[in-house]
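In what follows, a structure is listed as structure tokens, so that the remarks can point back to it.
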Amino acid sequence: MERLRKYLPYLLLILLVILTIGIWFFIFNHKDNQYLKVVFLDVGQGDAIYIEAPNGRQVLIDGGPDASLLSRLSQVMPFADRSIDMIVATHPDQDHIGGFPLLLDNYKVESILETEYEGTSKTALSLEEKIIKKKINKIIAKRGMHIVLDDKRNIYFDILFPDRDVTKLESNEGSIVGKLVYGEKSFLFTGDASLYTENLIEWNENDKTLDADVLKLGHHGSRTSSSILWLKKVTPEVAIISVDKGNKYGHPHKELLDRLSFLHIPFLNTADSGNIIFESDGENLIY
């Protein structure tokens, strides 16, 4: 005990130095810059997309299938940061919300964007309970919503779907579809939207709205998403497939890969690339 008292001041000094470094590292990583960061997180067979605007505002689209979300977030979020402005649950399937209950236990979340579709799984019920308990602002996604992430640089996230009551649709078909825009560059996020959902969106939107530089392919590269017509309208510079290597579903399906090849659309997948990081200043896209 006497020996511990002797070294206690030194231990406290070391802790103070570590804390100071942590605070300055946090501030440094939150300094205003010109780059938008979008990271397709490698969470296995699921979706999780981290977005950080130049002003530091953060959005997380989907939470992957399990607790691996937290370890992946720690790789891309600023040190000591334990808050996220908004999370988006595109639909209440396990591979898209599995990591959210644990996320809410470890991070302060201001708001969540969801659909009207109510999941009945243990995970979905747990998530809704935590939303209420932690008094998180719950927003129901509707076509036409315009969510500004960075007012100074006019970075925004527009909701293209749902345009109707999705409780009458199958879960995947009711996925939130949204477009992130920064200057001349844009990202289109599709959840598990099906060919049917794509048709509904194509009916509502013009080609300019659908055009995007980066397209997150629907349903992990399933043949039931990403039609030839959809791909032609979006005309992505690169497509992203969020998938686990050797998954039991056979994703990405050969039919989908054939469509990409036919249209000469390059793609990246998280199974091979791990976290896929994009940065943009509104004019250029770095990845």
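None of the figures in this text is laboratory data; all of them are computed from the coordinates on show. Because the structure is predicted, anything quoted here is derived from the model rather than measured. Cβ coordinates were reconstructed from backbone atoms using ideal geometry, including for glycine residues, and neighbour counts include every protein chain displayed.
Things to note:
- Counting only Cβ charges, +1 for Lys and Arg and -1 for Asp and Glu, the dipole size of the chain around its Cα centre is about 980 debye.
- Between 0 and 90°, nearest 10: helix 195-204 axis offset from the chain longest Cα axis: 80 degrees
- Signed unit charges on C-beta, dipole axis of the chain, positive-most listed residue LEU195, PHE79, LEU160: PHE79
- Restricting attention to the chain, close to 60% of DSSP beta bridges with both partner residues there are antiparallel.
- Highest-fluctuation residue, HIS253, HIS220, HIS96 considered, GNM on the chain with Cα pairs under 10 Å: HIS253
- Of the residues ILE140, ILE112, ILE84, the one that moves most in a GNM of the chain with alpha-carbon contacts below 10 Å is ILE140.
- Largest mean-square fluctuation among ALA141, ALA212, ALA67, in a Gaussian network model of the chain whose springs join Cα atoms under 10 Å apart, belongs to ALA67.
- Nearest-ten-degree value, helix 122-133 long axis tilted from longest Cα axis of the chain: 60 degrees
- Mean shadow area of the range 137-287, taken as a quarter of the surface of its Cα convex hull (nm²): 9.6 nm²
- Helix 2-29 and the longest principal axis of the C-alpha atoms of the chain enclose an angle of approximately 30°.
- Take the Cα radius of gyration of the chain and divide it by 2.2 N^0.38 Å, N being the number of residues; the result is 1.07.
- Selection from SER280, SER226, LEU256, by position along the positive dipole direction of the range 34-286 (Cβ): SER280
- Fewest-first sequence of HIS219, HIS146 by Cβ atoms within 10 Å of each Cβ: HIS146, HIS219
- Using a cutoff of 8 angstrom between alpha carbon atoms and counting only pairs six or more residues apart, the relative contact order for the chain works out to 16 percent.
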